[in-house]
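Working notes, structure below.
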Amino acid sequence: TVVPTVTLNDGTTIPQLGFGVWQVPADQAEDVVTKALEAGYRHIDTAAIYGNEEGVGAAIAKSGIPREELYVTTKLWVSDFKNGQTLQALETSLGKLGLDYVDLYLIHWPAPADEKYLEAWKGLEELQSQGKTRSIGVSNFAPEHLDRVAETGSVTPAVNQVEVHPALQQRDIQAANEKYGIATQAWSPLAQGAVFEDQPIVDAAEAHGVTVAQVIIRWHLQRGRILFPKSVTDSRIKENFDVFGFELTDEQLQAIDGLERNERTGMEPTTFNPA
Ligand code: NAD
């Protein structure tokens, strides 16, 4: 299976479809990521706060897949914005992952009550210049936070990873991303199952003889977003990767676009200020 790539604003490329490991327990991560790599995924999305970087790293090491064929993302937690701990935080993540560099390092949440994320961004710029990460980006940034980074930073984020699925399409954020040349990554792309009974999705699945999850993944891909659905179940891990044998029609894409209802599964970034 050849997964399409997206070229980021720093000239690097990222596989458009990857595998996410939020809520994969630490003691299952090696096994689950091994299954994903066997199914053909080459892009893994983890984070320091997920507590499973060691398992991800063990699966990568065991796979024998050449490093340059893999795309690994991890994320800086909010507690490490403080006291300039950003450089050390990526060192710690790299140690757990058993890697010399990651492909993408993200600020996980802006936690905007103070503007420490701007200091953290300087740290990410430094890490990129040191070669510890190929690309740098942000997650859960509202347009106003992107504006602040543009005003104070030297590098434009390569991606902004935000909650996007049929019931929450974040058109304002996607427009701001586009304005800055930032690629949109969709987290909780399946809305964790909350849109599986929506009629346009069910209808498209029947029309193509595929599953509702496969329809939603196709919708993201054909709308140009990067995504990394999560599952711990072998059959679903394979199913979510088996999405390159059919194409949604314009009518089907538009019907799914019509499901927007501002329904969030996660936290609201402008008010979420974790410690
Ligand atoms: P998701 O939308 O990918 O849903 C995953 C859930 O959907 C699974 O636990 C399972 O219950 C179900 N599912 C998956 N495949 C299925 C299938 N084929 N058939 C039926 N049910 C299926 O949700 P997610 O895990 O929240 O998001 C994906 C990834 O996004 C995460 O693992 C993580 O990497 C990333 N993420 C990032 C942030 C952030 O703040 N940056 C937040 C949440 C998630």
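Bear in mind that the values in this text are calculations on the coordinates, not laboratory data. In this text, all values refer to a predicted model and were calculated from it rather than measured experimentally. Here the Cβ is made from the backbone with ideal geometry for all residues, glycine too, and neighbour counts use every protein chain on show.
Remarks
- Under DSSP loop assignment and at most 15 Cβ neighbours within 10 Å, longest GluC sites (Glu not before Pro)-free interval of the chain: 1-114
- When TYR105, TYR50 are arranged by Cβ crowding within 10 Å, least crowded first, meaning fewest neighbours, the order is TYR50, TYR105.
- Of LYS35/LYS132; LYS62/LYS96; LYS96/LYS230; LYS122/LYS179, pairs whose Cα-Cα distance is over 18 Å: LYS35/LYS132; LYS96/LYS230; LYS122/LYS179
- Length released on extending from GLN222 to SER63, taking residue separation times 0.36 nm less the Cα-Cα span: 54.2 nm
- log₁₀ of I(q)/I(0) at q = 0.07, 0.14 Å⁻¹ - the chain, Debye sum with one point per alpha carbon: -0.23, -0.97
- Charge context of LYS75, other residues only, Cβ under 12 angstrom, K/R +1, D/E -1: -3
- For the stretch 5-257, the Cβ-based charge dipole about the Cα centre amounts to some 400 debye (Lys, Arg positive; Asp, Glu negative; other atoms uncharged).
- Of all DSSP beta bridges in the chain, antiparallel share, percent nearest 5: 15
- Ordering GLY224, VAL32, GLY98 by the projection of their Cα atoms onto the charge dipole of the stretch 5-257, which places +1 on the Cβ of Lys and Arg and -1 on the Cβ of Asp and Glu, puts GLY98 at the extreme positive end.
- The residues neighbouring PHE241, those whose beta-carbon lies less than 13 Å from its own, together hold a net charge of +2 under the Lys/Arg +1, Asp/Glu -1 convention.
- Net charge over other residues, Cβ less than 13 angstrom from the Cβ of GLU38 (K, R count +1; D, E count -1): +1
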